[in-house]
Each structure stands twice: as structure tokens, then as C-alpha cells.
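To start, the structure itself, in C-alpha cells.
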Amino acid sequence: MLEYRSQLPWVLDRPTALVIACSDGRWRPHIQDFVTNCLQLDPHFDVLQVPGGAEPLTLSDRVPKDFNFFRRRLDMLVRIHRLRRIIMIAHENCAWYHELTIRPGKMDLRARQIADLRYVRTQLRDFFGDVAIETYYARLGANGSHVVFEAVT
């Protein structure tokens, strides 16, 4: 049986911020860097990561089972952790969004992701009126060697 003892100290206080993002691990270190160094989040923020990020929250009418699964967990985090801030991040070339397209190349995926972020932002503001909701789109920089985060207004 493997036993490992982490050398990191335990943090008793619950996080007050949540990041909702896609589970694509290539983006994770960049998201961590962005939210801790640019947005100044405590590095112990909560995370909900699934393929497509916040996309399940667009499915209340089409796939209520997926919507409800995600929404119940989000409700619990807001209530128990007393979240004050939710940050949603979509990223360029998301495989989940590629899978959603019926005919590849016929849909502007970036536009779809941004529309979804805006839709979910409005929903979350209705659900959790006093929680700040922020949305961002991550993309590769000009030469593909770095990641750029843009606010979605």
C-alpha cells in the first residue's frame, strides 16, 4: 500500500473563489498562473473542471441531467464555502466544443464558447446575485509559445 505524506501545510479556511474551466491539463498551469498572479486569487481556490468547462450549465433544456449534476455541485460550493467570486475560463481549440459540432468547420467555436460564457454568466448572476461572476477566454499567443487571457464582456 502506497502512503505519501505531503509536505504542504494544511489550510483550514475554505476558499471564497471558484474557477470553472475545462479539464484539458495543458491549460491548467496557465490558468493557475493567471488566477493567482493576475486576478490575485489565493492559490487554494476551488476548482470545477470538466471537459468544456461551464458548458453543462447551458444544458438546462437540452440535457437536464448534465445541467443538474453540475448545478447541484455548484450550489453546494457557493453555500458551504460561501463563495464570493466565480471565474469561468474557456480556451481555444477545446476538444469538447469540437465534439459538439455536427459538421466540423461550419461553426465558429470561439464565438460559441464566448456566447456560452455570457449565457452562463447571466444565469449565475440570477442564481447567486451577490457572487461576482467573471468570464475569460484563453488562447495561444501569436507564435504559440504562450497563453493570453482575454476578459469576456
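The values are calculated or read from the model by the stated rules, or taken from the named source; none is laboratory data. All of these numbers come straight from a predicted model, not from anything done at the bench. For neighbour counting, all protein chains shown are included, and Cβ atoms are generated from backbone atoms with ideal geometry for every residue, glycine included.
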request  = Can you give me the number of residues within region 49-86 that are modelled with pLDDT of 95 or more and of a type in the set (Ser, Thr, Tyr)?
outcome  = 1
ask   = So, in region 1-21, of the ones that are touching a residue at least 40 places away in the same chain (Cβ under 8 Å) and not aliphatic (A, V, I, L, M), which residue ends up nearest to Ile133 (Cα to Cα)?
value = Thr16
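Just for region 12-21: of the residues that are surrounded by 15 or more Cβ atoms within 10 Å (Cβ to Cβ) and either assigned to a helix (DSSP H, G or I) or not β-branched (Val, Ile, Thr) (or both), which one is nearest to the chain's Cα centre (by Cα)?
Residues of region 12-21 surrounded by 15 or more Cβ atoms within 10 Å (Cβ to Cβ): 15-21.
When the remaining residues are screened for being either assigned to a helix (DSSP H, G or I) or not β-branched (Val, Ile, Thr) (or both), the result is 15, 17-18, 21.
Details: Pro15: 15, Ala17: 11, Leu18: 8, Ala21: 2 Å.
Here the residue is Ala21.
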Residue list for region 124-153, restricted to those being of a type in the set (S, T, N, Q) and buried (at least 17 other Cβ atoms within 10 Å of the Cβ) = Thr135
key: Among the residues listed as Asp24, Asp33, Asp42, the single one being surrounded by 10 or more Cβ atoms within 10 Å (Cβ to Cβ), without any contact (Cβ under 8 Å) to a residue 60 or more places away in the chain, assigned to a loop (DSSP other than H, G, I, E, B) and not aliphatic (A, V, I, L, M)   = Asp42
message = I need the strands (runs of 3 or more DSSP E) fully contained in region 80-153, keeping only those with at least 2 residues that are within 18 Å of Pro51 (Cβ to Cβ).
response = 85-91, 132-140
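Working carefully through the options Arg79, Arg73, find the one that is closer than 19 Å to Leu18 by Cα and touching a residue at least 24 places away in the same chain (Cβ under 8 Å).
Arg73
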